[in-house]
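Asks: Below you'll find the structure I mean.
Each value in this text was obtained by applying a stated rule to the coordinates, not by laboratory testing. Note that the structure is a prediction, hence the values are computed from the model and not measured. All Cβ positions, glycine included, derive from the backbone under ideal geometry; neighbour counts span all protein chains shown.
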Amino acid sequence: MNPRTIITIIAITAVNTMPVLAQAEAVTPAEARAIGKEAYTYGYPLVDNYRIQCAYYVDENDPGFKATWNHIKSVGRVYTPADTAIQTPNSDTPYSMAGWICVPSQS
């Protein structure tokens, strides 16, 4: 299929779907609230995990920085309230951190 045909198909599809999009019903405040709750419930853990990964493995100026990606870092002390990257680390457990260790497959 040549590019002109593909562009024509996309244009026809877009024109045919515009009336459907224009007829979409408005969202009620209750529906918007429910959508917001679900977005927070399912989206917050993803965003928070990214924040922790940045603190541990990306931002070398962050006090919680452990090591760069693909390196293991053992923390030789227990956590205190001053460690704020995650909400509640065990205060009596030494940790070793590994930022996405990439192990090549053996074929």
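Asks: State all residues of the stretch 41-74 that are within 16 Å of residue 100 (Cα to Cα) and touching a helix residue (DSSP H, G or I) at 6+ places or on another chain (Cβ under 8 Å); if no residue qualifies, say none.
Replies: Within the stretch 41-74, 65, 66, 67, 68, 69 meet the criteria.
Asks: Restricting the stretch 32-67 to residues that are of a type in the set (S, T, N, Q) and surrounded by fewer than 12 Cβ atoms within 10 Å (Cβ to Cβ), which is nearest to the chain's Cα centre (by Cα)?
Replies: Applying the filter and picking the extreme gives 49.
Asks: Could you check the stretch 69-83 and list, in sequence order, the residues that are surrounded by 12 or more Cβ atoms within 10 Å (Cβ to Cβ) and at negative phi?
Replies: Across the stretch 69-83, the qualifying residues are 69, 71, 73, 75, 78, 79, 83.
Asks: Among (1) assigned to a helix (DSSP H, G or I); (2) touching a residue at least 24 places away in the same chain (Cβ under 8 Å), where does residue 49 come up short?
Replies: (2)
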